[in-house]
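The values are calculated or read from the model by the stated rules, or taken from the named source; none is laboratory data. No experiment lies behind these values; they were computed from the predicted model shown. Every residue, glycine among them, receives a Cβ derived from its backbone with ideal geometry; neighbour counts consider all protein chains shown. These accessible areas exclude ligands, DNA and RNA; they are computed on the full protein's heavy atoms, side chains included. Shrake-Rupley method; radii C 1.70, N 1.55, O 1.52, S 1.80 Å.
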Amino acid sequence: MAFPHVSLLAAEAAESDSSGAVMIIVIALVALIAFISVIVLMLYGNLWFQAYMSGAHVRMLSLIGMTFRQVTPRVIVEAKIMAVQAGVGSDPQTGITTDRLEAHYLARGNVPNVIHAIIAAHRAGMDLDFDRAAAIDLAGRDVLDAVRTSVYPKVID
């Protein structure tokens, strides 16, 4: 003789166990996402906020990606901020983007020196875009010294 109310209680118990397991999994996933978010904010929040406040527009995912590509994010962000603050970073003619700065860094170029040279050339009224400055830098020449020599020629006695 089967008792229908016993099987009904067993079904309710099994349902409550599975919903409890789902709830535990959901809570664990939310906790994991919160933990990862806190770590990312601790590592990159200050740098991202600095770029945001200066108008350099560097994405948080770009900062995370730089770390995986073994690029020092601080070098790229500071170079981008320098360019934006000098008025050459948002100019489409110069072509200074985060990706291009990162590519030049990965090619073992001197990113801050290139940005300083572009700023100096811009202030002197010279036409120097990022491609030309990066090419000079990767050729082994000091691009900033070349710009300075163009502005203030050296006199050899």
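Details
- Test: residue in region 17-34 that is open to solvent by 100 Å² or more (accessible area, probe 1.4 Å), modelled with pLDDT under 95 and under 30 Å from Arg132 (Cα atoms): no
- Tyr152 vs. criteria at negative phi and over 19 Å from the mean Cα position of the chain (by Cα): yes
- Within region 41-94, the set of residues being exposed (fewer than 13 other Cβ atoms within 10 Å of the Cβ), in contact (Cβ under 8 Å) with a residue 24 or more places away in the chain and closer than 20 Å to Ala135 by Cα comprises just one member, Gln93.
- For region 112-137, a tally of residues being within 18 Å of Gln85 (Cβ to Cβ) and in a loop (DSSP other than H, G, I, E, B) returns 1.
- Looking across Gly140, Gly109, one residue alone is part of a loop (DSSP other than H, G, I, E, B) and either in contact with an Asp or Glu (Cβ under 6 Å, 6 or more places away or on another chain) or surrounded by 13 or more Cβ atoms within 10 Å (Cβ to Cβ) (or both). It is Gly109.
- For Tyr105: the one exception among (1) farther than 16 Å from Ala134 by Cβ; (2) out of contact with any Phe, Trp or Tyr (no Cβ under 6 Å at 6 or more places or on another chain): (1)
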